[in-house]
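Values in this text are rule-based calculations from the coordinates and carry no lab data. Note that the coordinates shown come from a computational prediction; the quantities given were computed from them, not determined experimentally. Glycine gets a Cβ as well: all are built from the backbone with ideal geometry, and neighbour counts include every protein chain shown.
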Amino acid sequence: MNQNLQSTLGLIGVADESMKEANYSQDYMVKIRRVWSDLLVYLSQYHIPNFSKDEGKEFLKRCYGISKDVQHNRLKRSDQIKRRAILILFNCQEYNEVNAPKQLPSCDFGDNYAGIFSLFLETRKHQGFAFSTIERDIRCLSRLASYLDSRSIIKISSLEVSHIIGFMRSVSSIQKIPTLRGTAHTLRIFFHYLYGKGMTSIDLSSQVPVVKNTPHSLIPSAFSKEDIQCMLHSVDRGNPTGKRNYAILMLASKLGIRASDICNLAFENLKWETNTIEFIQKKTGKSAILPLLNDVGEAIIDYIKDGRPKSKTNYVFLRHLTPVGPMRPASLHIIVTEQLHIADIVIPDGKRHGTHSLRHSLAGALLDNNTPLPIITEILAHEDGDTTAAYLKIDLRHLRELSLEVSSWNPVWIGGAGR
């Protein structure tokens, strides 16, 4: 074998070891290796000196008829694996990992602001802010650049309060409150940065509108006890995925555990001798001790014994597709949404229906059973009772008892106005 193919063979060896460390299944790796074997034959046949991403795409097209323009989810499963085999090689060649590291969204700041905006972002990166925070900053500044361009504002020093208000109004017309709050936060930091660098004569950070959205300003989304039971009964527990999903739904609906904490649940958190689940909450950093109810415990045992893939990882709940590993909160949201649809439970427009809605539903059920707020605070592992008090908004039974009788009103509509 010539030196060039030896180099590609070495890359394949690195990729193979990386896949083993990532807990890919043996069956999946066999399929990937077949593609790599075909690749070596292809490179030798066409006297191609080195493997590259472009050569990999050409190989897929010539040998398997897989076009680079076809979206991955449009391919049949066997072709997806073939494309994935080439992508793994490229990732190992470029990043020394099976999966490419997260990439920040592209920055479209225009010629007028690219320098200043990029300098600000570099400062934020050096300060060690999280990936998600930098992503939010980039999205905010991209929108700001587009807005300023539309107003023919060339220099940052020309910014006025009216421009800030106008930009926030434009964002509020298409984005929800959480995004609007994040935008306002980034703008304050950015304008304070500009003032500190002497790029603006006044500190405009104080002129950014306050977006009011306290934890108690929204009504929590909740489902009835009947809906929750219907959803749980609809789970097909005759297969490994169903066993896992059922155990997850039981933890979320019966104990109100957050999605991030379910994903992080490890075997040492299950205290079978005391029938408790003990863990540190990811959101608050506080410890939580919850009762390991019989039906919840039985669901977890059923999954561990007859559904969980073989893995050295200590996490209880795992992905069932390769690479096998811990789950992510977004996956749990999908599980809940799909199961609600399977159970034919109507989800009104605008109603939240992820794992947190099951937490809200538990709070509503506890209130309906006259459970005191301090106990609900303990069950939901809230930091204080004020957070729990927000659930009083969904306590419809007790709210009805406080309602007042309203005298009958017979409006007559004439020309759109009621009399």
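What the table shows:
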read-out	value
Förster-model FRET efficiency, 45 Å R0, L321 and Y46, C-beta, rounded to 0.05	0.85
Ranking of K53, K243 by count of other Cβ atoms within 10 Å, fewest first	K53, K243
Potential lengthening between D69 and I154 on full extension [0.36 nm per residue; Cα-Cα distance subtracted]	26.8 nm
Sequence-distant residues sharing a close amide H with T276 (under 5 Å, placed H)	K271, L292
Sorted by Cβ density within 10 Å, fewest first, the residues S37, S205, S224	S37, S224, S205
Per-q log10 I(q)/I(0), the range 223-328, q = 0.12, 0.13, 0.16, 0.19 Å⁻¹ (Debye; single scatterer per alpha-carbon; no solvent)	-0.39, -0.46, -0.71, -1.00
Sorted by Cβ density within 10 Å, fewest first, the residues L141, L290	L290, L141
Highest to lowest packing among 84-93, 313-322, 193-202, 249-258, scored as the average C-beta count within 10 Å	249-258, 84-93, 313-322, 193-202
Compactness of the range 110-207 as Cα Rg over 2.2 N^0.38 Å, two decimals	1.01
Over 23 Å between alpha carbons, listed pairs K57/K125; K76/K310; K243/K312; K254/K286; K20/K283	K57/K125; K76/K310; K20/K283
Net length gained if the chain between K61 and T123 were fully extended (0.36 nm per residue, minus Cα distance)	18.0 nm
Extended-chain gain in nm, criterion 0.36 nm per residue less alpha-carbon gap, K76 and H341	92.9 nm
Rg to Rh, two decimals, where the range 131-272 supplies the alpha carbon set and Rh follows Kirkwood	1.19
Mean projected area (nm²) of the alpha-carbon convex hull when the range 3-95 is viewed from all directions	5.8
